[in-house]
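A.B. asks: What follows is a structure written as structure tokens; I'll ask about it next.
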Amino acid sequence: MKGVAIPVIVVLAMIQFMANPGQAITCGQVDASLAPCVPYLTGGGNPAPACCDGVKNMKGMAATTADRRAACNCVKETANHYANLKDDAAQALPAKCGVQMNIPISRSTNCDIVN
């Protein structure tokens with residue numbers, strides 16, 4: 001019986017690793033990255049350098065489709081907390097920061113279609 005227990009434990013550990021290979025991006029990470037962007041997103045103008053650094057950081061963290069969808073949902077949830085968020089500023093943010101990103105910054109995006 002002892003000889004069977006160790007291989008079973010190893011197989012179970014491998015299955016757990018395959019089912020959860022890494023940690024997904026969290027809303028805390030997304031919020032921290034985009035916090036410097038709030039003045040731009042609510043007031044317009046040009047984003048601060050710290051904001052653009054956060055956009056680049058978020059893009060780097062969202063390497064997989066699952067991460068991009070999670071980040072999209074976080075952005076959407078946070079955007080809904082700011083009644084004065086300017087949608088045009090939000091949509092223009094990645095371009096203003098010189099970042100091509102597949103994560104829309106919007107209150108109304110269907111994040112399930114993000115690649």
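FYI, it's all coordinate maths here, none of it is from the lab. All of these numbers come straight from a predicted model, not from anything done at the bench. Glycine also receives a Cβ, built like all others from the backbone with ideal geometry; neighbour counts cover every protein chain displayed.
A.B. asks: Suppose we filter ALA66, ALA95, ALA70 for residues that are out of contact with any helix residue (DSSP H, G or I) (no Cβ under 7 Å at 6 or more places or on another chain), surrounded by 18 or more Cβ atoms within 10 Å (Cβ to Cβ) and either assigned to a helix (DSSP H, G or I) or basic (Lys, Arg) (or both); which single one remains?
C.D. replies: ALA70
A.B. asks: Restricting to the range 51-63, give me the number of residues that are part of a helix (DSSP H, G or I), in contact with a helix residue (DSSP H, G or I) (Cβ under 7 Å, 6 or more places away or on another chain) and either of a type in the set (D, E, K, R) or buried (at least 20 other Cβ atoms within 10 Å of the Cβ) (or both).
C.D. replies: 4
A.B. asks: Looking only at the range 76-92, filter to residues that are acidic (Asp, Glu) and under 9 Å from LEU41 (Cα atoms); which one of those is surrounded by the most Cβ atoms within 10 Å (Cβ to Cβ)?
C.D. replies: It comes out as ASP87.
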